[in-house]
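Student: One structure follows; several queries about it will come next.
The values are calculated or read from the model by the stated rules, or taken from the named source; none is laboratory data. All figures in this text were calculated on a predicted structure; none of them were measured in a lab. Cβ: placed from backbone, ideal geometry, glycine included. Neighbour counts: every protein chain shown. We work out accessible area using only protein heavy atoms, side chains counted, and drop any ligands, DNA or RNA first. Shrake-Rupley method; radii C 1.70, N 1.55, O 1.52, S 1.80 Å.
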Amino acid sequence: MEVLMRAALIRKHGDPSVLQLEEIAVPKPGKGELLIKMLSTSVNHRDVWIRKGHPHPAYHVDLPTVLGVDVCGVIEEAGEGVDPAFRPGDRVIANPYIPCGKCDRCRRGEFQYCPNFTVYNGSYAEYAVISANNAVKISKEVPVAHAAAFPNSYITAWQMLVGKVGVGPADTVFVWAGTSGLGSAAIEIAKLAGARVIASAGTEEKLEMLKAYAPDLIVDHYKPDMVKRVMDFTEGKGASIVFEHVGKASWQRTLELCAFGGSIVTAGATSGDEVAMDITYAFVKQIRIFGSRLGTMKDLSDSVRHLNSGYFKPLIGRALPLEDIVQAHELMEAGKIIGKITLEY
């Protein structure tokens, strides 16, 4: 007899109301796969862009589909050939980034640059099937919400700061939107590396919340003197690394506050994809611009140690049951929640 589970599907693109809670068959794990009984997941901007029908091929999925990239749960069943280190009952999270494993880049071990990568979808459901190659076990001491909010945000931020620009104690890192899931992850990673951190937010509540992460300077990114404050704090040098994930609304100021010979690393465009910029800033300052996306299993294995140790504490703004998935997307788009929105099962 077919066993059913609840899942939030989209059958067409559109506003949050296209998300429908349905009962579908529990998937079966194939060779090398794990069936996960989900405990929680989180809502990401990627989910919103896919739901809306973002035109870039990187956001294309066949419909109908179950959205959600962050897997957090316990192993229910292991498929054939899975490493016996994974046992039913183990708590795991999974890397949503899936390189093809066959292209020239993958054969050279340069998995981050795979042109044929895919991104996992399917965590908005009571059960999920993942590749065991993408799973890591996590400590039972880690709060479920922290584990659910970790994979997409922290692996992405780790690849940006550690993998792309090699953040270290000599750096001053400017983090846009520091109370977002990605921004708060960046603050923790930069501080772990010993860097000096400047972080921005846009409301009094968010500015106050930023204090818990103890950046060296907090600025209001809606104030006209924001760039001046950064330059004054750095004695006119600017930030050696700018952690950019906002896009249209922040790009020109990113160039202005970046140091000579500094680096901009970008992995998102929450305010819009098309940016206007004064290109002279880029070549006069000799700024390096790095695009980045998600992260490799090395990024996950290196970063998860700090989740298991209790050092990383993802910022959770709201926890909702799966049946409130429409509200979760509405809140994400409104941008008023501080930190991550998690879904519980």
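Student: Any chance you could check the Cα centroid distance between region 200-278 and region 161-177 for me, in angstrom?
Tutor: Each part's Cα centre sits 13 Å from the other's.
Student: Further question on the same structure: As an exercise, take the mean of 1/r over every pair of distinct alpha carbons in region 238-311, invert it, and state the Kirkwood radius in angstroms.
Tutor: 13.6 Å
Student: Starting from region 208-306, pick out the chymotrypsin sites (Phe, Trp or Tyr not before Pro) whose DSSP state is loop and whose Cβ has at most 13 other Cβ atoms within 10 Å.
Tutor: TYR222
Student: Something else now. So which of LYS211/LYS298; LYS137/LYS211; LYS298/LYS340; LYS285/LYS336; LYS223/LYS285; LYS191/LYS237 end up more than 27 Å apart, counting from Cα to Cα?
Tutor: The pairs that break the limit, which is 27 Å between Cα atoms, are LYS211/LYS298; LYS137/LYS211; LYS285/LYS336.
Student: Any chance you could run the full-extension gain for TYR59 through LYS137? It's 0.36 nm times the residue separation minus the Cα-Cα distance, nm to one decimal.
Tutor: 25.3 nm
Student: Using modelled amide H (1.01 Å from N, peptide plane; none on Pro or chain starts), what sits under 5 Å from the amide H of ILE138, excluding residues fewer than 5 places away?
Tutor: ARG91, VAL92, ILE93
Student: Related question: Compute the accessible area per residue over region 193-330, keeping the other protein chains in place, probe 1.4 Å, unit Å².
Tutor: Roughly 48 Å² per residue, with all protein chains present.
Student: Under a 5 Å amide H to amide H cut-off, with H placed in plane at 1.01 Å, what residues pair with VAL197 once short-range neighbours are removed?
Tutor: Distant-sequence amide H within range of VAL197: VAL173, ASP216, LEU217.
Student: Projected onto the charge dipole of the chain (+1 at Lys/Arg Cβ, -1 at Asp/Glu Cβ, origin at the Cα centre), which of ASN44, GLY236, LEU210 gives the Cα projection farthest towards the positive end?
Tutor: The residue sitting farthest along the positive end of the dipole is GLY236.
Student: From the convex hull of the Cα coordinates of region 1-91, what is the mean projected area in square nanometres?
Tutor: 7.1 nm²
Student: Of the heavy-atom accessible surface of the chain (probe 1.4 angstrom), what whole percent is carbon and sulfur?
Tutor: Its accessible area is 52 percent carbon and sulfur atoms.
Student: For the chain, which semi-axes, largest first and in whole Å, follow from the square roots of 5 times the eigenvalues of its Cα gyration tensor?
Tutor: Rounded to whole Å, the semi-axes are 34, 21, 19.
Student: What's the magnitude of the charge dipole for region 63-222 around its Cα centre, counting Lys and Arg as +1 and Asp and Glu as -1 at the beta-carbon? Answer in Debye, nearest 20.
Tutor: 480 debye
Student: How big is the dipole moment of the chain about its Cα centre under a simple scheme where the beta carbon of each Lys and Arg is +1, that of each Asp and Glu is -1, and everything else is neutral? Debye, nearest 20, please.
Tutor: Using Cβ point charges on Lys, Arg, Asp and Glu, the chain gives about 780 debye.
Student: Can I ask one more? Take the Cα radius of gyration of region 159-235 and divide it by 2.2 N^0.38 Å, with N its residue count; two decimals is plenty.
Tutor: Here the Cα radius of gyration is 1.03 times the empirical estimate.
Student: OK, next. Averaged per residue, what accessible surface does region 1-92 expose to a 1.4 Å probe, in Å²?
Tutor: Normalised by residue count, the accessible surface of region 1-92 is 50 Å².
Student: Right, next: Quick check for me: using +1 on Lys/Arg Cβ and -1 on Asp/Glu Cβ, what's the dipole size of region 1-113 about its Cα centre, in debye to the nearest 20?
Tutor: The calculation lands at about 340 debye.
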